[in-house]
Every structure is written in structure tokens, then in C-alpha cells.
Amino acid sequence: MNRLTIREIIRATEGTLIKGHEENHITGVKHDSRECREGDMFVAIAGKNQDGHKYIPQVVSAGCNTMLVSHLEGWMDEVKADDINIIKVDDTVYALGELAKYYLSTLDVLKVAVTGSVGKTSVRDMIYYVLSEKYVCGRNLKNFNNFIGLPISIFQFDNSTEAVVLEMGMDKFGEIDRLAGIVQPHIGVITNIGMSHIENLGSREGIFKAKMEITNHIKGEKGKPSGLLVFPDDDEFLTKENTSGNYEQISIGTDGRSEYIISDVDDFGLEGIQFTVEHLEESQRISLDVPGRHNAVNASVAIAVGCAAGITMEEAQRGLSKVELTGSRLKNIKTDKLSVIDDTYNASPDSMKSAIKVLELSQCQGNKIAILADMLELGAQSAEQHFGVGLFARGLRIDKIIAIGNDAEHIANGADGGMAEVVYFSNKEEFFRNMDKYVGDGDIILVKGSRGMKMEQVVEKLVEF
């Protein structure tokens, strides 16, 4: 991070300096008190369950001497240090975003923002690796993509950074608008319009409207009058007609309507995929070690963004060959007895079907087993969508389908009657007690469910098996 003066922080956040000197400066921004060190500014966040202000004496003891606070009660009297800077604002989370917006505006960087129902982090990572073939590139820390995580990620960039790829998450209207307003992207990306958060947004039309908030803030680079929106054409929501605005558009598809055309996809299960992508008169065969046929679209989006930024298709292929996805996304864990496909990062109907297809195409000596848990935030669509996943799995060459959770019973019902043995457990503990009956040497096992289901616990048990 480049240094910021207290004066700059006050101006960006419209805060009040309670104590300290405007000429002082910071070289880092943290919201986790355990990470604060000398030179950092601690952002004290008052949440529903915890108030970060109570940790201010602790961060001062660690050498941190600048605080962004929303109140002075309950901690001020405990801080005896004289050489500290205290900036008071009405809302520290909002002020954090405003400061990140200001700080990012001081950097001469290409800004790419990514949102969508599924695949955001994968597409973000792929764009990062593609752009890194030409630029010093930055991206979100881990999966930090909300009102706190995205700003904190921005403060890791400095004057050496030439491009940034920032993922934006949401579950309510207005959230993408706020995040995109912080980033002010030159290139916006919408990965797809799926079912995630339909409980809060009401319908896929609502989801589309919420994702399109990114376009409110797309700006042209220096010397360019307009920015760019990149998306896969889905023939329903993400089309040239539906997404038009005061920016250019690039679509990815399988026919001549799109600027980037995908063809000849070969799916090798856990070994990855190969496909051809065409743009104008250029054609490139792409090899990707990341499993899943859907990643041909994700990778093509990354290629389109890269080409818009002056990267060749050949350079994009080199970048994609280095991709390592963040978190537990179709991660293959091999033990002496079996293989586990850890896809526990989250789940939606589309991503669950894609993961099951990867399982079907993967090789093993024993059984192919899908352990599938609840997909959350589907609202009134939940029973139908879970049943649909089970119905999809029933038509595949899978040996066992194990459903875990309340809503997952509908997965079991949908899968029942096919070739696979179908088993239902209401909770993970019940499965753990019976695991020996369904898991054996040589098996390959997919584990997937929404984050709230904590299916990483199942992965841990299987690895210990």
C-alpha cells in the first residue's frame, strides 16, 4: 500500500479528527485486530454480535496508532497512548468503502470488476492469470468480495500495480451498485444469471436487475470514451439487447452472434478440458487443467477481457495454463484409499450439476459417489431446484448418491429410480455414523453443498477414512 496521510483519510471519509495530527500517515488498513501492526489503521466495526471498538486497546499495544471509529464509548478511557490518531465517522464500513474508492482512484491501473450468480471467483482468478502475462496484476484477497473484504483488498495495491481484478458479491439489491461505485471499473463482467439468492431477490429477473447494477459505474480508460461489459450470451437475460448501455459489449457464445465463439469442447473429468475459441479470424485451441465443461465459458470470458486489454490469445493460453483457483473448487484430494473432489466452497443448482458431471467423467477403481447437501437461499424454488438436481444426477453414470440435510431430501427423491443407489441422511452426524457402509477403497467421492452446510467437515472425515 502507498502511504496515506491522516488529512487524506479525513477528506475521503468526511470524518472528524478527534485526536492526532493531519500530517501523520498510515501504510496499511486492517479490520482484524489480530493483524494490526505499526503503520496500520484499525477500522473498528460495530457488528450485530461484536463491537470491534473493544479491541482498540489491544491494537494500540501492538503498535497500531491510527483508528477509524464510529463511537468513543467503552474504550477511549482505556487508551493511554498520546501519539495516536483517532478519526470518527458515522459508519466505519461505509467510510472504509469511501476511503478505498479514493485510494484506488490515486492508482494508474486497469480496473476489472466481476459479478454473477456462480463462477465469480473462478473467472476472477482466470482473468488475473491472463492479465498477469502482461501486467503486474492484483485481485481480491481470498474470497473477500463484500463491503468490508473488497475495500480491504484494495489497500494491498500500490504504485507498482498495473491492473486489478475485483470480484463483487451480493445477496440484496443495491449491493453491487455500492461495490461497483467503489471500484469504478473500466471493464465489467457478469458471469451468468442463476438461482443464487433468489430468496432475497424474488426471481431470476430480479437477480438480473441486481447484477446489472455493475453497469451504473463502468467508465472508459484514459483516452477512451466508454468502458466495456463482457458476458456469456445465455439467450435469455445476458444478451446484447438486454445489456445495452453507454459502454461497449463483448459476448461469448457458441454461434456467430458472439464476438468469441466456443466449439469442440473435450471434457476429461478431473484432468481438465480442451476447447477451441474463435475471435474475428483468429482461432486458438485452449487446454485448461481446471475440471468442468462450464469452465470453457469462464476461460473464454477471461480471454475476452485479456484481448480487450491488449493480450494475445497465445498469451492468454499461457496465463490459463498457470491457473490455480482460490478455495475448495473441484479440488482433487487423493489418499491411500480414495479420491475426494472437494467442491465445498458453495452450491447452486447450476454449479452442483456441473460438479456431478465432472464426477461422472472421472476415473476410479471403485465407486463414483456424490455426497450432496442443501443449497441455501433458494426460497420458494428450493424443493423444485433440489429435485431437479436429483433428476439430473439420476441420468448419469454414478454409483451412489448420498443426500444430507433438510432440503437435500428432495435431491434423494429426484434421484430415486435411476441406476445409482440413493441414500438420505438428515444431518452430517448421521452420515458419519454410517459412513463405513457406503465408502470403500478406490472410490472417488464428490462433496458439495452451500457454505452454511459446512461440508468441509465431510471432506475431513473422508480424508481420515
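Brief remarks follow.
- Projected-area average for region 46-103 over all orientations - Cα convex hull basis, square nanometres: 4.5
- Average accessible area per residue (Å²) across the chain - probe 1.4 Å, nucleic acids and ligands excluded: 43
- Rg over Rh, two decimals, region 299-359 (C-alpha only, Kirkwood Rh): 1.10
- Computed [θ] at 222 nm, helices only, for the chain once each DSSP H run of length n ≥ 4 contributes -39500 (n - 2.57): -8500 deg cm²/dmol
- Calculated log₁₀ intensity ratio I(q)/I(0) where the Debye formula runs over C-alpha points of region 212-367, q = 0.15, 0.16 Å⁻¹: -0.89, -0.99
- Among 12-25, 136-149, sorting by the average number of other beta carbon atoms lying within 10 angstrom of each residue, highest first, gives 136-149, 12-25.
- Against the criterion of solvent-accessible heavy-atom surface with a 1.4 angstrom probe, TYR128, TYR260, TYR424 sort, most first, into TYR424, TYR128, TYR260.
- Accessible surface of the chain, 1.4 Å probe, proportion on carbon and sulfur as whole %: 43
- Sequence of ASP171, ASP399 when ordered by accessible area, the most exposed leading, probe 1.4 angstrom: ASP399, ASP171
- Sum of side-chain charges, PHE268 neighbourhood, beta-carbon under 13 Å (Lys, Arg +1; Asp, Glu -1): -3
- If the convex hull is drawn through the Cα atoms of the chain, its volume per residue in Å³: 156
- Extent along the principal axes, Cα only, for region 348-388: 40, 14, 13 Å, with the longest axis given first.
- Cβ-defined net charge surrounding ALA393, 13 Å radius [Lys, Arg +1; Asp, Glu -1]: +3
- Span-like helix ranges in the chain, DSSP H, alpha carbon extent 15 angstrom or more, Kyte mean at least 0.0: 92-105, 120-131, 295-308, 349-361, 382-394
- Over all pairs of different C-alpha atoms, region 69-128 has a mean inverse distance whose reciprocal, the Kirkwood radius, equals 15.4 Å.
- Nitroxide proxy distance, nm - points 7 Å out along Cα→Cβ at LYS437 and THR254: 4.1
- Once the Kirkwood radius over Cα pairs is known for region 419-465, the Stokes-Einstein relation at 4 °C and 1.567 mPa s delivers a diffusion coefficient of 111 µm²/s.
- Taking Lys and Arg as +1 and Asp and Glu as -1, the other residues whose beta-carbon sits under 13 Å from that of GLN249 total -2.
- Each peptide among 151-157, 368-374 gets the average number of other Cβ atoms lying within 10 Å of its residues, and from highest to lowest they stand as 368-374, 151-157.
- Across the alpha-carbon atoms of region 153-293, the computed radius of gyration and Dmax are 16.8, 44 angstrom.
The values are calculated or read from the model by the stated rules, or taken from the named source; none is laboratory data. Every value quoted in this text rests on a predicted model; they were computed, and no experiment measured them. Cβ coordinates were reconstructed from backbone atoms using ideal geometry, including for glycine residues, and neighbour counts include every protein chain displayed. Remember, those area values only see protein heavy atoms, side chains included, never the ligands or the DNA or RNA. Shrake-Rupley method; radii C 1.70, N 1.55, O 1.52, S 1.80 Å.
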